[in-house]
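Heads up: the structure comes next, in structure tokens.
Values in this text are rule-based calculations from the coordinates and carry no lab data. Keep in mind that what you see is a predicted model, and the values were worked out from it rather than measured. When we count neighbours, we look across all protein chains shown, and the Cβ atoms used for this are built from the backbone with ideal geometry, even at glycine.
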Amino acid sequence: MDPLPTLRLERHAADVIAPRTLPPVTTKPEPIIDQTNPAPGQGAARSAALVTAIHARLPGLRLLTDALDRETYRLDETSYLRAGLPGAVAFPTTTADVAELVRIAAELRVPIVPRGAGTGLSGGAAGIEDGLTIAFTAMDRILEIDRENLVAVVQPGVINAQLKAAVAAEGLFYPPDPASYELCSIGGNLGTNAGGLCCVKYGQTRDSVLGLEVVMADGTVIRTGGKNVKDVAGYALTHLFIGSQGTLAITTEATLRLRPAPPPRLTMLAFFPTLDAAGSAVTGIAAAGLTPVTLELMDRVTIAAVDDMNDLGLDRTAAALLMIESDMPGAAAVDELERAETACRVAGASDVVRAADAQEADWLRQARRAAHYALERLGEVRMEDVGVPRARVPDMLRAIERIAAKHDVRIGTFGHAGDGNLHPDLVFERGDPTAEAKTEAVKKDLYQAALDLGGTVTGEHGIGSARRDWLEVQRGPDAVRVMRAIKTALDPLGILNPGRVL
Ligand SMILES: Cc1cc2nc3c(=O)[nH]c(=O)nc-3n(C[C@H](O)[C@H](O)[C@H](O)COP(=O)(O)OP(=O)(O)OC[C@H]3O[C@@H](n4cnc5c(N)ncnc54)[C@H](O)[C@@H]3O)c2cc1C
């Protein structure tokens, strides 16, 4: 086989994309949709009582009560959803603090919103009017890295990238890898069962968790597991709580599964003349029995936006690209990429290139992670999160194109194609008065198309408050009844993140 061309990124000055931080989040527009919260002002007396009780029973605890300070905790990254202004924002430093906060809130019937870094994309950590937001930024310690058992024990406020770096220094690897990994917290990752760029090989957050310490709605503290790799004693509470978006329990500690650090990745980009061809390559790679560590897709709109931001010299004439990586040892990685390349060429790839070295690979990965921010440079962006069985990716890509044309909305699509999980980003002119109505119409068609293909209305961001209307459509009334029964049993007062998920 002829040697592949390599990207020529050397010509770019290091400062073009070398900084390892994502660009700042753009200014949030005015919220315009209200789904969960009462009118502002209601419950002011209740939150005054809450503040008094917290000051009395947890005198050393950091508590935000000033309206301007609290305003920062109104929204998560779904800035277009209307949300409430929390009555108070507490920063516990211990599990005992959290348990006491929950007891106080239960006594006063105050709703609680657990919050990590607030990067969520479903309104899960957004404020509830006059409620109590418990922010975990001060519970950010890595308590233990246990090399013998390959586990890390962490508090929920630890940032994903910090944990990755700490375990990497020990020659270990924590796989969960959301594109927001430099910003988001382990508590938030557990809350959403976050996915990311290497789920195709290593699974979602849930697949890397052995046990949790959680505070229940009455302030009781329980442990759901520990360092045992195998443990089937009783119901799988760990898995129940992961992804429950703070509606069933509040996580105060997690025991996470580590792996030996894999070798550095080999990275390849394949460009396609049509979305259909790219979609076929995804199914072709899976059908060939390959499990690359990364199998990500960007469409034409996203390629151009990413290239404008990072000046990578990507092929902007392509309808789509796939980023494919292998972390297998030595020759096995070369073999995996060669077989993936064959699948891409069979599907109709117009070009295949490889990152020349680890630095180039890192730049490409960084650029992919920043795709959402690249699109935000074009206008106001609303990110969606549909998932379909992998073999239906070509159909879903076709549906997205059709829906964009039908509603005359610019959509940049990227995502974790290897998992069948796509993020159509709706891009509007800032201040476009039709944005809200068009978003609703596009969402409806996108969700219906995903469901028609046997898919889901959310692959990794969660139902939160943004997709509540669709839970029953997808799961059916009986399944939702079971969920409600669990919620009622564990949180009879309904104080844990009410109005989210159910
Ligand atoms: C640019 C960008 C890229 C992204 N890429 C990905 C991606 O690739 N994959 C992905 O899955 N997501 C992605 N996200 C979404 C988001 O980063 C994830 O959902 C992440 O897991 C949220 O973490 P957080 O710390 O910000 O949590 P938050 O937004 O603060 O909270 C998320 C949910 O978890 C709950 N929660 C937080 N802490 C606790 C706790 N201690 N106990 C109980 N519940 C808690 C909250 O109530 C809320 O419901 C992306 C977001 C952005 C902005």
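Among Leu143, Leu297, the ranking by other beta carbons within 10 Å of each residue's beta carbon, starting with the fewest, stands as Leu143, Leu297. Exposure proxy shown here: for Arg57, Arg339, the number of other Cβ atoms within 10 Å sets the order, fewest to most, as Arg57, Arg339. Each pair of Cα atoms in the chain enters the Kirkwood radius, and Stokes-Einstein at 37 °C and 0.692 mPa s then converts it into a translational diffusion coefficient of 140 µm²/s.
For the chain, the membrane-span-like helices by this rule, meaning whole DSSP H stretches whose C-alpha atoms cover at least 24 Å of axis and whose Kyte-Doolittle mean is 0.0 or above, are 330-347; this says nothing about an actual membrane. Listed cross-link partners Lys164/Lys438; Lys164/Lys230; Lys201/Lys227; Lys438/Lys487; Lys201/Lys406 are compared with a 29 Å cut-off, the Cα-Cα value being larger for Lys164/Lys438; Lys438/Lys487; Lys201/Lys406.
Cβ crowding within 10 Å ranks Glu336, Glu360 as Glu360, Glu336, fewest other Cβ atoms first.
The reciprocal of the average 1/r between distinct C-alpha atoms defines the Kirkwood hydrodynamic radius, which for the stretch 293-407 equals 15.7 Å.
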